[in-house]
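As structure tokens, the structure follows; a few thoughts come after it.
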Amino acid sequence: VTIKGTGFLKGATVTIGSAATSVVVVSATEITAKTAAHAAGSVKVEVVEGGVAPSATVEYTYVTPPSITKIEPSSGPPAGGREIVIIGTGFTKGATVKVGANEATEVKVESETEITAKTPAGSAGKVEVTVTDSKGTSNAVSYTYT
């Protein structure tokens with residue numbers, strides 16, 4: 001996360017709902033930090049310098065990435081081109097689908113709980129399927145090229 005403001009000093013600490021890590025005061029106007037794991041929702045961002053909390057209040061929103069429950073069918077030919085239906089939660093328009101290391105084609109977000117896509121060509125064996133959108137990358141679910 002990049003935090004912009006004024007008067008930042010070396011040694012500042014940052015909380016984004018909880019203590020942030022890898023805090024770097026880049027300049028008097030910019031700090032970078034990594035967020036800790038946190039439940040979805042809005043939290044306060046605070047930059048503390050010398051034990052003094054800020055006067056300004058800024059919020060950061062943690063979001064839940066998409067989640068895959070199952071893929072139907074769960075196998076197909078190595079030549080690719082098999083239409084699959086990905087069932088899960090949190091899917092949003094513009095999502096992409098990876099089958100192994102390759103991008104699926106003809107990806108269509110049908111609803112928040114369903115995506116259809118065509119598998120790319122692949123080698124025989126199991127690969128992981130993931131969905132990525134503006135909220136992050138989903139868990140991986142197996143698909144088998146048979």
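The values are calculated or read from the model by the stated rules, or taken from the named source; none is laboratory data. Small disclaimer: the values here were computed from a predicted structure and weren't measured. Glycine also receives a Cβ, built like all others from the backbone with ideal geometry; neighbour counts cover every protein chain displayed. Heads up: the accessible areas ignore ligands, DNA and RNA and are worked out on the full protein's heavy atoms, side chains in. Shrake-Rupley method; radii C 1.70, N 1.55, O 1.52, S 1.80 Å.
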Consider VAL14 carefully, then state whether it is under 13 Å from VAL58 (Cβ atoms), assigned to a strand (DSSP E or B) and without any contact (Cβ under 8 Å) to a residue 40 or more places away in the chain.
-> yes
Within segment 78-120, can you find the residues that are open to solvent by 60 Å² or more (accessible area, probe 1.4 Å) and in a loop (DSSP other than H, G, I, E, B)?
-> ALA79, ARG82, LYS93, GLY94, ALA101, GLU112, THR113
Some residue of segment 4-27 being within 30 Å of ASN102 (Cα to Cα) and modelled with pLDDT under 95 | no
Segment 121-141 - residue that is hydroxyl-bearing (Ser, Thr, Tyr) and open to solvent by less than 60 Å² (accessible area, probe 1.4 Å) and, of those, nearest to PRO73 (Cα to Cα) | THR130
Do you know which residues across segment 4-20 are out of contact with any Phe, Trp or Tyr (no Cβ under 9 Å at 6 or more places or on another chain) and within 17 Å of SER42 (Cα to Cα)?
-> VAL14, THR15, SER18, ALA19, ALA20
Take the residues in segment 28-52 that are surrounded by fewer than 13 Cβ atoms within 10 Å (Cβ to Cβ) and in a strand (DSSP E or B), then tell me which one is modelled with the highest pLDDT.
-> LYS34
Only one of (1) open to solvent by less than 60 Å² (accessible area, probe 1.4 Å); (2) touching a Ser or Thr at 6+ places or on another chain (Cβ under 6 Å) is not met by THR61, so which one is it?
-> (1)
Can you tell me which residue among THR57, THR92, THR64 is of a type in the set (Ser, Thr, Tyr) and in contact with a Gly (Cβ under 9 Å, 6 or more places away or on another chain)?
-> THR64
Of the numbered conditions (1) open to solvent by less than 60 Å² (accessible area, probe 1.4 Å); (2) touching a strand residue (DSSP E or B) at 6+ places or on another chain (Cβ under 8 Å), SER22 fails exactly one; give the number of that condition.
-> (1)
Of ALA124, ALA95, ALA101, the only residue that is aliphatic (A, V, I, L, M) and under 15 Å from PRO65 (Cα atoms) is ALA95
Is it true that THR130 is hydroxyl-bearing (Ser, Thr, Tyr) and assigned to a strand (DSSP E or B)?
-> yes
